[in-house]
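Input: a single structure, listed below in structure tokens.
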Amino acid sequence: MAITDVLDGIARYFGGEYDPDTRTYRSSPVSGVGVVRRGKPKDDKAADYFLGMDPGARTGSVILVHIPRQHEYRRALGGEHSGLKQIVYEVILRVYLRSTTSYAEDAQDDAYALRDALVEWMRRDRTLGEAVFQAGEHITESGGDGIDVEYSEPSTAANLTKGYFEVRFAAVEFVEA
């Protein structure tokens with residue numbers, strides 16, 4: 001499977017159907033997600049953070065799906081000339097938040113709630129909608145330590161709170177080799 005197919009499958013799982021005109025996934029099944037992208041946009045549109053949300057939603061997000069590293073090795077099953085190649089992709093969901101809450105603490109609570117929703121969505125299907133064989137599991141041979149989340153401190157200016165967190169996990173694919 002091509003890495004672009006893996007990226008597309010993961011982005012579809014978290015973002016919904018692909019819109020070729022905007023190069024985004026715009027119908028996320030996860031509450032609080034406006035748009036999912038496979039690359040950083042040239043023009044960061046504020047409306048994308050709140051796409052599809054109820055009017056008056058106080059916090060929205062844009063997610064970038066990024067694969068900075070992959071590792072591949074043979075799993076011999078049936079002798080030295082047959083088996084499978086196991087490909088482990090390091091996946092990062094970069095979650096950018098925008099919030100109109102009166103307090104940064106409320107925006108941070110919304111970030112935690114979104115993290116919970118994203119992880120719960122991952123738990124529903126270890127294949128991420130058949131994008132990969134499995135994702136978010138601990139893989140000892142080549143890294144991958146379950147699901148890891150790292151948060152930044154929110155910053156507030158001009159009545160807008162911005163936040164950021166990353167969800168890191170390994171996604172595994174097997175190919176005939």
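So the values come out like this:
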read-out: Nearest-ten-degree value, helix 3-15 long axis tilted from longest Cα axis of the chain; value: 40 degrees
read-out: Expected 222 nm ellipticity per residue - DSSP helices of 4 or more, -39500 (n - 2.57), all of the chain, to 500; value: -6500 deg cm²/dmol
read-out: Hits among lysines - C-alpha to C-alpha of LYS162 under 18 Å, sequence gap 8 or more where chains match; value: LYS40, LYS45
read-out: The stretch 64-137 - Rg and Dmax from Cα coordinates, angstrom; value: 18.2, 63
read-out: Qualifying aspartates and glutamates (Cα of each under 16 Å from Cα of LYS85; at least 8 residues distant if same chain); value: GLU72, GLU141, GLU173, GLU176
read-out: Ordering of 158-164, 41-47 by packing [mean C-beta count within 10 Å, highest first]; value: 158-164, 41-47
read-out: Entry for Cα Rg over 2.2 N^0.38 Å (calculated from the structure that is shown) out of (1) 1.28; (2) 1.12; (3) 1.05; value: (2)
read-out: Ratio Rg/Rh, restricted to the stretch 21-110 and using Cα atoms, in which Rh is the Kirkwood radius; value: 1.22
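Read the figures in this text as sums done on the coordinates, not as results from a lab. Bear in mind the structure is a predicted one, so any value in this text is a computation, not a measurement. FYI the Cβ positions are ideal-geometry reconstructions off the backbone, even for glycines, and counts take in every protein chain you see.
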